[in-house]
Ligand SMILES: *[C@@H]1O[C@H](CO)[C@@H](O)[C@H](O)[C@H]1NC(C)=O
């Protein structure tokens, strides 16, 4: 930090003392300046204690903190974003915890790029042009928990991700295939965000997620035509919105018994097969907005914990009095606090008020009038 500050100060001084009459300004040597104020002499003397060699090309030397040129290093955070870097810089301090390389022009992660960074906790290479990752590039990162890889050009998940990884964001790449064993060695993760990749259902090889316990998965904005069947069964949250899913078939959800939230909005779903939702006893929140449903999915009344159902912008033309709520009392553990039905070809005055007998209050229902 001290080094960085004095370097900046030096740059400022150069500008201050650049003779405006003799352009272009040419620097011959650091000490070629005539210093005219005592204040500056004082500063120079202070810096002279730290500096050896050229001020424009700092080289690490004893007593000088290490920091890649142009980056900002402070409290184990190394900020190298927006520098036009074409490769991972060298001289990253070995105790770095967070390395920020986003918004550069890096095209490849090489074998030794992260050598020695055993304390690294989070790495961001977001928004670069990386298409190639050496299979051993992440091997030194034995404590890395967060990897931000969105907006790059990867076509597969990088190999040998550290076993310590908890969060992977790899949104907006070019991934078409998730091969068997892509996450081998990983046992427990919180979040994988891999939306906006051109991945189809056939892109998941059997065993792609084998052995992985995962809490949250987002596969939105991909090219899925159905619910993938081989995702981790530990999932609490699954986001599949903005795909091309046409239907939910009986067995599609049978694996995902732990889901709390399921996002299926903005697909082409016409039908949810009777009985499909009975596999989701824990579900709290179901998003089915902007699809082509013509009726309320069967099975909602027996979902004890369901609180939020988005059904707006579909083609639902009838709502039955028993579509949402069970007949008996005490069967539903939590009442609904959000049901959206607007933008469907059904008029609210055609729906019996008792339909919503297990809703917290009437403001929880978004209906609006149908005006098409
Ligand atoms: C699905 O369930 C609904 C409501 O219980 C019922 O009206 C419909 O006939 C069922 N459809 C099939 C194909 O079983």
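The values are calculated or read from the model by the stated rules, or taken from the named source; none is laboratory data. Because the structure is predicted, anything quoted here is derived from the model rather than measured. Note that we place each Cβ from the backbone using ideal geometry, even for glycine, and neighbour counts take in every protein chain shown.
Against the definition (over 22 Å from residue 235 (Cβ atoms), in a loop (DSSP other than H, G, I, E, B) and in contact (Cβ under 8 Å) with a residue 12 or more places away in the chain), how does residue 99 come out, yes or no? So residue 99 fails the test.
Number of residues in the stretch 281-301 that are touching a helix residue (DSSP H, G or I) at 6+ places or on another chain (Cβ under 9 Å), in a loop (DSSP other than H, G, I, E, B) and away from the ligand (no atom under 12 Å from the Cβ): the value is 2. If we scan the stretch 226-248, do we find a residue that is within 16 Å of the ligand (Cβ to nearest atom) and surrounded by 17 or more Cβ atoms within 10 Å (Cβ to Cβ)? Yes, there is a match, as at least one residue in the stretch 226-248 is within 16 Å of the ligand (Cβ to nearest atom) and surrounded by 17 or more Cβ atoms within 10 Å (Cβ to Cβ).
Would you pick out the residues in the stretch 302-313 that are away from the ligand (no atom under 16 Å from the Cβ) and either assigned to a loop (DSSP other than H, G, I, E, B) or touching a residue at least 40 places away in the same chain (Cβ under 8 Å) (or both)? Those that are away from the ligand (no atom under 16 Å from the Cβ) and either assigned to a loop (DSSP other than H, G, I, E, B) or touching a residue at least 40 places away in the same chain (Cβ under 8 Å) (or both): 304, 305, 306, 307, 310, 312, 313.
For residue 268, the test of being away from the ligand (no atom under 16 Å from the Cβ) and in the same structural domain as residue 357 (by TED's automatic domain parsing) is passed.
The requirement of being within 16 Å of the ligand (Cβ to nearest atom), part of a loop (DSSP other than H, G, I, E, B) and either assigned by TED's automatic domain parsing to the domain that holds residue 261 or touching a residue at least 60 places away in the same chain (Cβ under 8 Å) (or both) is satisfied by residue 324.
Against the test of being under 19 Å from residue 265 (Cβ atoms) and surrounded by fewer than 21 Cβ atoms within 10 Å (Cβ to Cβ), the options 291, 337 yield a single qualifying residue, 337. Do we have any residue at all in the stretch 327-340 that's farther than 20 Å from residue 249 by Cβ, assigned by TED's automatic domain parsing to the domain that holds residue 250, in a helix (DSSP H, G or I) and away from the ligand (no atom under 16 Å from the Cβ)? Checked the stretch 327-340: no residue is farther than 20 Å from residue 249 by Cβ, assigned by TED's automatic domain parsing to the domain that holds residue 250, in a helix (DSSP H, G or I) and away from the ligand (no atom under 16 Å from the Cβ).
Give the residues of the stretch 264-283 that are in contact with a strand residue (DSSP E or B) (Cβ under 8 Å, 6 or more places away or on another chain) and over 22 Å from residue 317 (Cα atoms), sorted by residue number. Passing the criteria: 280, 283.
In the stretch 267-278, the residues that are closer than 8 Å to residue 291 by Cβ reach residues that are outside any loop (DSSP other than H, G, I, E, B) and more than 9 Å from the ligand (Cβ to nearest atom) with C-beta atoms within less than 8 angstrom, at least six apart or across chains, in these pairs: 269/247; 269/248; 270/247.
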